[in-house]
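Comments concern the structure below.
What follows draws every value from the coordinates through simple rules; no lab data is involved. This is a predicted model, so every value here is computed, not measured. Note that each Cβ is placed from the backbone with ideal geometry, even for glycine, and that neighbours are counted across all protein chains shown.
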Amino acid sequence: MNRRFLDACWGKPVDRTPVWLMRQAGRYLPEYMAVRSKCTFLELCKTPELAAEVSIQPVDILGVDAAIMFSDILTPVEPMGMKLDFVPGPVFEHPIRSMADVEALRIPQMEQDVPYVLETIKILRRELAGKVPLIGFGGAPFTLACYMVEGKGSKDFAQIKRMMYAAPDVYAALMEKITTMDMEYLNAQIKAGAQAIQIFDTWGGILSPSDYEKYVLPYTTRLINGLNRGETPVIHFVKGAGTMLDSVQKAGGDVMGLDWHVNLGRARDVLGQGMAVQGNLDPTVLYAPKEVIEKEVKRVLDENAGRAGHIFNLGHGILPTVAPENAKFMVECVHRLSQK
Ligand code: CP3
């Protein structure tokens, strides 16, 4: 088994730097589009054989060191009682706006309500057969709350922030409920065979550092503390967290996901020796000519300066219009330039 990724999560030495890409199973791959053309995105998430197939595609095509199961952070929110659509961004028909809305949300029974997610994991473990480890994932409570309250993506996040400041009791009740759901969801993934868990807090960086500590950190901390981690490392990715990594670290994950706004070396100085990092190439670098991609990969590796506990990744998801060949070249560069 290729243990490079898991070893790096635990800060152990590796033969070369492991690499995978956030959103590596997706629209930039013609092989994904071929499967996706036959069904909707949600149908794909709910058909384990197909979800497993597209999860494995980047492992075979790019040569990455980990697979991530194919699903979406919002998959477990639908069975809470919120009708979900993708156009292609997520849309909830009836966003959460009141205490009555929060009270109407139910905590799903994972085996009954999202069996397809757990089945996808089981198929993947069998089909990967130890070739690379399998990452499960979920949204952080705050990012899930952003979509549930805004009803869709947002530029200013006025609704969720209004709730936070003007109806703190509603906000707290919602976050408590999401956190409980999330914990059960991620524990079900671990039980089904996920070998690492990534928590995506895509919108954690829209708050001031003091609001992050007050309105986000307690819930993510409770979530991570409640996971049956054992041998399963937890990667915590908060986009836009560069100025508050010390706060984010208090949530207690094993690996800190970094976006491209921070110098990886300086981030490591702040986090200290005990914590591994994942990141952090600007995803748009994959539009550049090969020489530039290679130079940028080298720069990120140089910032890490040979320290153990680095997983190479993009600083956010790969973009749908990137050439697969460039992503593959990036993976080769990471392996070649970091070879011990
Ligand atoms: O990483 C992987 O390859 C696994 C699959 C995965 C998807 N979404 C598939 C997807 C993962 C890990 C996610 C996480 C996710 N989903 C996040 C956190 C990461 C991030 O990018 O910030 C968020 C915020 C979502 C919510 C979401 N789902 C959005 C905003 C969108 C639209 C994105 C866009 O660029 O249009 C989706 C849809 C989605 N999720 C697609 C895929 C492959 C595209 C759907 C399609 O095929 O039409």
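Over the chain, what is the percentage of antiparallel beta bridges among all DSSP beta bridges, to the nearest 5? Before the final figure, lay out the partial values.
Numbers: 3 of 27 bridges.
Looking only at bridges with both residues in the chain, the antiparallel portion is about 10 percent.
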- Query: Quick one: helix 324-338 against the long Cα principal axis of the chain, what's the angle to the nearest 10°, folded into 0 to 90?
  - Reply: 60
- Under the rule rounded for a/c under 1.5, else prolate if a/b exceeds b/c, else oblate, using alpha carbon gyration tensor axes a ≥ b ≥ c, segment 107-246 is classed as prolate
- Task: Just rank L74, L264, fewest to most, by other beta-carbon atoms within 10 angstrom.
- Result: L74, L264
- Message: Using a 10 Å cut-off around each Cβ, can you sort D259, D269 from fewest to most neighbouring Cβ atoms?
- Response: D269, D259
- Would you mind pulling out the separation of the Cα centroids of segment 71-145 and segment 1-34, in Å? 22
- Can you spot the aspartates and glutamates whose alpha carbon is less than 20 Å from K122's alpha carbon? Ignore those fewer than 8 places along the same chain. E43, E49, E53, D60, D65, D72, E111, D113, D182, E184, E231
- Note on the structure: So the angle from the long Cα axis of helix 290-304 to the longest Cα principal axis of the chain, reported in degrees to the nearest 10, equals 80
- Which far-off residues, 5 or more places away or on another chain, put their amide H under 5 Å from the one on V262, with H placed in the peptide plane? none
- The helix 115-128 Cα axis meets the longest alpha-carbon principal axis of the chain at an angle in degrees, between 0 and 90 and rounded to 10, of 10
- What are the GluC sites (Glu not before Pro) within segment 178-272 that DSSP puts in a loop, where the Cβ has at most 10 other Cβ atoms within 10 Å? E231
- Query: So for segment 4-338, taking the charge dipole from beta-carbon charges (+1 Lys/Arg, -1 Asp/Glu), which of A129, L105, T179 sits furthest toward the positive end?
  - Reply: A129
- Message: Give me the percent relative contact order of segment 187-340, please, defined on Cα pairs under 8 angstrom at least 6 residues apart.
- Response: 19
- Scan segment 299-329 for trypsin sites (Lys or Arg not before Pro) in coil per DSSP, keeping those whose Cβ has at most 14 other Cβ atoms within 10 Å, and list them by number. R307
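What is the extension gain from K152 to Q339, computed as 0.36 nm multiplied by their sequence separation minus the C-alpha to C-alpha distance, in nm to one decimal?
Working: separation 187, 0.36 × 187 = 67.32 nm, distance 4.30 nm.
Extra length available between K152 and Q339 comes to 63.0 nm.
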- Of Q189, W20, L207, which is farthest along the charge dipole of the chain in the positive direction, counting Lys and Arg as +1 and Asp and Glu as -1 at C-beta? W20
- Qualifying lysines (Cα of each under 23 Å from Cα of K152; at least 8 residues distant if same chain): K46, K83, K161, K177, K239
